[in-house]
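Peer 1: Quick one: the structure is below, questions incoming.
Throughout, read-outs are computed from the coordinates displayed, never taken from laboratory work. Bear in mind the structure is a predicted one, so any value in this text is a computation, not a measurement. Quick reminder, even Gly has a Cβ in these numbers, built from the backbone with ideal geometry, and neighbours come from all protein chains shown.
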Amino acid sequence: MEYVKICGLKEYDHVQLCIDNGASTVGFIYKVPSSPRNLTSIKLKSILSKIGNKISTVVVLKPTSVPELIEVMNDIPASLFQIHIGFDIKELDKLSNYRKNKIILALNVNEANKQLVIDQINDLKNHFFAFLIDNSEGHGNELEFEIVKEILNNTPGARIIVAGGIKVENVNDIIDVLEPYGIDASSSLESERGVKDPSKMKEFLEIIKRRMKNKQENK
């Protein structure tokens, strides 16, 4: 597993905790005013300027059009952009390959649309950086293990990141059973909605470090 992201951060101190405890990526919510984790442009740019090249950064947004997406990508100096799109996925064909390679495409999945999601990932896996399977979007809804496992089994070579209710109690099972490219946690690491809990973050990352070390030693 190459990608461990803590999302919905609002303070640089929490970013530094992620850096110090082995996260590979930190995420920030932008232009999503309904989210308690949403950042202003000024706050986001301030945090990103402090980070520099210390860790990979992801800006999470819900663009309603390709021009809006391009505007954000031009304005915000993040490593990657995780998009939950509010328009036809085919519109993304208008993007250059350079921009596509900086995008994590978030996809909602259920029993009814899982084959469509599988087909979309297989069609697009050589164009985008990765795909996020997420029915939660920061609300803590649990992953549907069987559906996600089926998607992973039928999209060889794709980078699949999983999200939704990932927490201290189940992260080992997710790593063992699903073996995804990456995991993405947010609401489970909070003391209250939108407020990160440093002790929970540290415990979560320490569990992952121990688990990955054990997997390496047992190979």
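Condition check ((1) out of contact with any strand residue (DSSP E or B) (no Cβ under 7 Å at 6 or more places or on another chain); (2) without any contact (Cβ under 8 Å) to a residue 40 or more places away in the chain; (3) charged (D, E, K, R); (4) crowded, with 19+ Cβ neighbours inside 10 Å) across all residues:
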site	(1), (2), (3), (4)
Leu61	no, yes, no, yes
Val66	yes, yes, no, no
Ser79	no, no, no, no
Lys90	yes, yes, yes, no
Arg99	yes, yes, yes, no
Leu116	yes, yes, no, no
Asp119	yes, yes, yes, no
Asp123	yes, yes, yes, no
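Peer 1: Ok, one more. Only one of Val32, Val26 is touching a residue at least 24 places away in the same chain (Cβ under 8 Å), surrounded by 19 or more Cβ atoms within 10 Å (Cβ to Cβ) and among the hydrophobic types (A, V, I, L, M, F, W, C). Can you tell me which?
Peer 2: Unique residue meeting the criteria: Val26.
Peer 1: Exactly one of these conditions fails for Thr64: (1) within 18 Å of the chain's Cα centre (by Cα); (2) farther than 27 Å from Ser191 by Cα; (3) assigned to a loop (DSSP other than H, G, I, E, B). Give me its number.
Peer 2: Condition (1) is where Thr64 drops out.
Peer 1: Also, I was wondering about something else. Scanning for something outside any strand (DSSP E or B), under 30 Å from Asn154 (Cβ atoms) and of a type in the set (D, E, K, R), does region 179-194 turn up at least one residue? Please lay out each step first, then the result.
Peer 2: Step one: list which residues in region 179-194 are outside any strand (DSSP E or B), which gives 179-181, 186-189, 193-194.
Checking which are under 30 Å from Asn154 (Cβ atoms) leaves us with 179-181, 186-188.
Keeping just the survivors that are of a type in the set (D, E, K, R) gives 179.
Looking through region 179-194, at least one residue is outside any strand (DSSP E or B), under 30 Å from Asn154 (Cβ atoms) and of a type in the set (D, E, K, R).
Peer 1: Still on this structure: Which residues, counting only those in region 1-23, are surrounded by fewer than 18 Cβ atoms within 10 Å (Cβ to Cβ) and small (Gly, Ala, Ser)?
Peer 2: Gly22
Peer 1: Then there is this: Any residue that is part of a loop (DSSP other than H, G, I, E, B), in contact with a Ser or Thr (Cβ under 8 Å, 6 or more places away or on another chain) and on the phi > 0 side of the Ramachandran plot - is there at least one of those in region 35-45?
Peer 2: Checked against the condition, which is being part of a loop (DSSP other than H, G, I, E, B), in contact with a Ser or Thr (Cβ under 8 Å, 6 or more places away or on another chain) and on the phi > 0 side of the Ramachandran plot, region 35-45 yields no hits at all.
Peer 1: Which of the residues that make up region 178-208 are surrounded by 15 or more Cβ atoms within 10 Å (Cβ to Cβ) and within 22 Å of Ile121 (Cα to Cα)?
Peer 2: Hits for region 178-208 are Leu178, Pro180, Tyr181, Gly182, Ile183, Asp184, Ala185.
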